[in-house]
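Peer 1: The structure's right below; bear with me while I get my questions together.
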Amino acid sequence: MLDRLQIIKQRFDEISDLIIQPDVISDQKRYVQLNKEYKDLKGLVEKRDEYIKVTGSIKEAQEILADGSDAEMVEMAKMELDDAKERLPQLEDEIKFMLIPKDPEDAKNVMVEIRAGTGGDEASIFAGDLFRMYTKYCENQGWRTSVVDISEGTSGGFKEVIFEVTGDDVYGTLKFEAGVHRVQRVPQTETQGRIHTSAATVMVLPEAEEFDVQIDMNDVRIDLFCSSGPGGQSVNTTKSAVRMTHIPTGLVAQCQDEKSQHKNKDKALQVLRSRLYEMELAKKQEADAAKRNSQVSSGDRSAKIRTYNYPQGRVTDHRIGLTLYDLDGVMNGNIQKLIDEIQLVNNTEKLKESEVY
């Protein structure tokens, strides 16, 4: 393990020198990539330093115990040896997980799309509940959210809502939230008090940079229209909303959130670029999942991943068989426990395949 960590330390030192070179700073694409790699390796280098310190403490304590001439030093060495031996296996496990190759997309920002599925008005209300759940979680993480497009439901909530999330390792954290989310509860619109099952689909698209996806604007049809919904007279009378259709694939992206047509064009293009990128990524994930027989990343957007049961106050993640009896907390954005458990299963699967294991 130390040999491998030494190679990482050498690469870290190399990148530390590169990112201050003027020719690298002027090459924006390379500079961004090297900065991401620097950040990823920094944690491992810190763990390497701790590993060297702990193994050094064990060796030093063993030498003092072998000498045995100073009773006070022997007592201290015993305590230090116990602490170091307890820490070492934990540290080795932490390093093993950190050595699992990261998906290059994990550091990206995302576009999250939530669409009401089966269940009529209740599905739209549930899509609104999921939107609030995710925005509260993002707020707790210190991430910034920005709405790109909204189509409101007739009785509240949203038929569809698209929003951007920017921050550190957003895609790596949120990517397993993609799939079908079910809710079981008595709808607000139901007078008989019967429990209904409704659904909403969540998609998490890694935000594509310009150098990830090149779009020929000759292949894009642009339609302008008046925005709908609140926003004052100018929003509803000016053709500021933008719809883009990518003719070769039939993919459509639109934005009507900004008052400026230019800003809406930029955001719609961003969504279109991310959808094209995700389409290719989904093919790769499906192939990887088939190869790995993975529990958590099937690449299947229609897979039912989670059920929110209101009468019993429980949330069940079907991929890993985890049930939490904290529905109120989850709907208020406390979803870290679910995310942590899914990431643990995914990392364990990867660990079994890798040479680290």
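Peer 1: So how many residues does the range 100-110 have that are at pLDDT 85 or above and exposed (fewer than 15 other Cβ atoms within 10 Å of the Cβ)?
Peer 2: Of the residues in the range 100-110, 0 are at pLDDT 85 or above and exposed (fewer than 15 other Cβ atoms within 10 Å of the Cβ).
Peer 1: To continue, here is another question. Test of understanding: among Ile25, Ile8, which residue is open to solvent by less than 30 Å² (accessible area, probe 1.4 Å) and of a type in the set (A, V, I, L, M)?
Peer 2: Step by step, each of Ile25, Ile8 is checked, and only Ile8 is open to solvent by less than 30 Å² (accessible area, probe 1.4 Å) and of a type in the set (A, V, I, L, M).
Peer 1: Do the conditions hold for Ser16, that is, is it surrounded by 14 or more Cβ atoms within 10 Å (Cβ to Cβ) and either among the polar types (S, T, N, Q) or part of a loop (DSSP other than H, G, I, E, B) (or both)?
Peer 2: The answer is yes for Ser16.
Peer 1: Say we look at the range 159-172 and pick out the residues that are under 23 Å from Glu37 (Cα atoms) and surrounded by 23 or more Cβ atoms within 10 Å (Cβ to Cβ); which of these is nearest to the chain's Cα centre (by Cα)? Steps first, please.
Peer 2: Here is the first cut: in the range 159-172, the residues under 23 Å from Glu37 (Cα atoms) are 165-172.
Next, only the ones that are surrounded by 23 or more Cβ atoms within 10 Å (Cβ to Cβ) stay: 165, 170.
On the way: Val165: 10, Val170: 4 Å.
Ranking the candidates gives Val170 first.
Peer 1: Can you give me the number of residues within the range 117-133 that are open to solvent by 10 Å² or more (accessible area, probe 1.4 Å), within 21 Å of the chain's Cα centre (by Cα) and over 15 Å from Val204 (Cβ atoms)?
Peer 2: Qualifying residue count, the range 117-133: 2.
Peer 1: Considering Met73, Met79, which residue is surrounded by fewer than 17 Cβ atoms within 10 Å (Cβ to Cβ), over 27 Å from Phe176 (Cα atoms) and in contact with a helix residue (DSSP H, G or I) (Cβ under 6 Å, 6 or more places away or on another chain)?
Peer 2: Just one listed residue meets the conditions, Met73.
Peer 1: Being open to solvent by less than 30 Å² (accessible area, probe 1.4 Å) and either modelled with pLDDT of 80 or more or touching a strand residue (DSSP E or B) at 6+ places or on another chain (Cβ under 7 Å) (or both) is the filter here, so list the residues in the range 211-239 that pass it.
Peer 2: Those that are open to solvent by less than 30 Å² (accessible area, probe 1.4 Å) and either modelled with pLDDT of 80 or more or touching a strand residue (DSSP E or B) at 6+ places or on another chain (Cβ under 7 Å) (or both): Val220, Ser227.
Peer 1: What pairs come out if I take residues in the range 291-317 that are at pLDDT below 55 and surrounded by 14 or more Cβ atoms within 10 Å (Cβ to Cβ) and pair them with residues that are of a type outside the set (Ser, Thr, Tyr) and assigned to a loop (DSSP other than H, G, I, E, B) whose C-beta lies under 9 Å away, six or more apart or interchain?
Peer 2: Between residues of the range 291-317 that are at pLDDT below 55 and surrounded by 14 or more Cβ atoms within 10 Å (Cβ to Cβ) and residues that are of a type outside the set (Ser, Thr, Tyr) and assigned to a loop (DSSP other than H, G, I, E, B), the close pairs are Ser298/Arg319.
Peer 1: Every residue in the range 40-70 that is of a type in the set (A, V, I, L, M) and open to solvent by 50 Å² or more (accessible area, probe 1.4 Å), please. Show your work before the answer.
Peer 2: Taking the range 40-70 as the starting set, the residues that turn out to be of a type in the set (A, V, I, L, M) are 41, 44-45, 52, 54, 58, 61, 64-66.
If the condition is that a residue be of a type in the set (A, V, I, L, M) and open to solvent by 50 Å² or more (accessible area, probe 1.4 Å), then Ile52, Leu65, Ala66 are the ones that fit.
Peer 1: Can you say whether Val161 is free of Cβ contacts under 8 Å to residues at least 60 places away in the same chain, over 19 Å from Ile339 (Cα atoms) and part of a strand (DSSP E or B), as far as the supplied structure shows?
Peer 2: It is true that Val161 is free of Cβ contacts under 8 Å to residues at least 60 places away in the same chain, over 19 Å from Ile339 (Cα atoms) and part of a strand (DSSP E or B).
Peer 1: Ok, one more. Which of the numbered conditions does Phe97 fail, given that it passes all the others? Conditions: (1) hydrophobic (A, V, I, L, M, F, W, C); (2) in contact with a helix residue (DSSP H, G or I) (Cβ under 9 Å, 6 or more places away or on another chain); (3) crowded, with 20+ Cβ neighbours inside 10 Å.
Peer 2: Just one mismatch for Phe97, condition (3).
Peer 1: Being charged (D, E, K, R), out of contact with any strand residue (DSSP E or B) (no Cβ under 6 Å at 6 or more places or on another chain) and more than 22 Å from Val110 (Cα to Cα) narrows it down to one residue among Glu190, Glu139; which is it?
Peer 2: Of Glu190, Glu139, the one residue that is charged (D, E, K, R), out of contact with any strand residue (DSSP E or B) (no Cβ under 6 Å at 6 or more places or on another chain) and more than 22 Å from Val110 (Cα to Cα) is Glu190.
Peer 1: What pairs come up if the first residue lies in the range 52-66 and is farther than 13 Å from Leu2 by Cα, the second is modelled with pLDDT of 95 or more and not in a helix (DSSP H, G or I), and their beta carbons are under 6 Å apart, counting only those six or more places apart or on different chains?
Peer 2: Nothing qualifies.
Peer 1: Restricting to the range 141-158, name every residue that is open to solvent by 40 Å² or more (accessible area, probe 1.4 Å) and closer than 19 Å to Tyr308 by Cβ.
Peer 2: Ser155 - this is the single residue of the range 141-158 that is open to solvent by 40 Å² or more (accessible area, probe 1.4 Å) and closer than 19 Å to Tyr308 by Cβ.
Peer 1: For the condition among the β-branched types (Val, Ile, Thr) and over 20 Å from Arg243 (Cα atoms), what is the one hit in Val161, Val213, Val186? If you could, list the steps in order and put the result at the bottom.
Peer 2: Values: Val161 fails: over 20 Å from Arg243 (Cα atoms); Val213 fails: over 20 Å from Arg243 (Cα atoms).
On inspection, the qualifying residue turns out to be Val186.
The values are calculated or read from the model by the stated rules, or taken from the named source; none is laboratory data. As the structure is a prediction and not an experimental result, all values here were calculated from the model. Cβ coordinates were reconstructed from backbone atoms using ideal geometry, including for glycine residues, and neighbour counts include every protein chain displayed. These accessible areas exclude ligands, DNA and RNA; they are computed on the full protein's heavy atoms, side chains included. Shrake-Rupley method; radii C 1.70, N 1.55, O 1.52, S 1.80 Å.
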